[in-house]
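Peer 1: Before I ask anything, here is the structure I am working with.
The values are calculated or read from the model by the stated rules, or taken from the named source; none is laboratory data. From a predicted model like this one, the values you see are computed outputs, not experimental measurements. Cβ placement follows ideal geometry from the backbone for every residue including glycine, while neighbour counts extend to all protein chains displayed.
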Amino acid sequence: MANHKSAEKRFRRDEKRTTLNHQRVSRIRTFIKKVEKAILSGIKVDAQTAFKEAMPEAMKGVTKGVFKKNTISRKLSRLSSRIKALA
């Protein structure tokens, strides 16, 4: 356990941020899974709408620091190319 007041505060703050970041990551993964499910269904319009909903959520994760920019860009690019391949 922490010995200093500032270390105790840091411990409390880290705990809050850990739970919040976990929620953010989980939310982004859920949106990405919705896009993948829509792609597997084969309906291009559904996949596009799911992708449009997922894109800002994923980029918000980048600004909040839970994902790196290139990681999200790569995932979105791959999803986009899979959507374009649907006919």
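Peer 1: In region 75-87, how many are exposed (fewer than 10 other Cβ atoms within 10 Å of the Cβ) and outside any helix (DSSP H, G or I)?
Peer 2: Final tally of qualifying residues: 1.
Peer 1: Let me ask something else. Cβ-Cβ below 7 Å, separation at least six or inter-chain, first residue in region 14-29 and among the charged types (D, E, K, R), second surrounded by 12 or more Cβ atoms within 10 Å (Cβ to Cβ) and not in a helix (DSSP H, G or I): which pairs?
Peer 2: As it stands, the answer is ARG24/VAL66, since those pairs meet every condition given.
Peer 1: I would also like to ask the following. How do the pairs read when you match residues in region 51-72 that are without any contact (Cβ under 8 Å) to a residue 12 or more places away in the chain with residues anywhere that are among the basic types (Lys, Arg) and in a helix (DSSP H, G or I), using Cβ under 7 Å and keeping only pairs 6 or more apart or on different chains?
Peer 2: Once the first residue is without any contact (Cβ under 8 Å) to a residue 12 or more places away in the chain and sits in region 51-72, its partners that are among the basic types (Lys, Arg) and in a helix (DSSP H, G or I) give VAL62/LYS69.
Peer 1: Any chance you could count how many residues in region 4-40 are under 13 Å from the mean Cα position of the chain (by Cα) and among the polar types (S, T, N, Q)?
Peer 2: Summing the residues that are under 13 Å from the mean Cα position of the chain (by Cα) and among the polar types (S, T, N, Q) in region 4-40 gives 4.
The rows are residues; the columns are (1) at pLDDT 95 or above; (2) surrounded by 13 or more Cβ atoms within 10 Å (Cβ to Cβ); (3) within 25 Å of HIS22 (Cα to Cα); (4) of a type outside the set (A, V, I, L, M).
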{"residue": "LYS52", "(1), (2), (3), (4)": "yes, no, yes, yes"}
{"residue": "PRO56", "(1), (2), (3), (4)": "yes, no, yes, yes"}
{"residue": "MET59", "(1), (2), (3), (4)": "yes, yes, yes, no"}
{"residue": "SER73", "(1), (2), (3), (4)": "yes, yes, yes, yes"}
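Peer 1: For the subset of region 1-30 comprising residues that are exposed (fewer than 11 other Cβ atoms within 10 Å of the Cβ) and not in a helix (DSSP H, G or I), which member is modelled with the highest pLDDT?
Peer 2: Out of the qualifying residues, it is HIS4.
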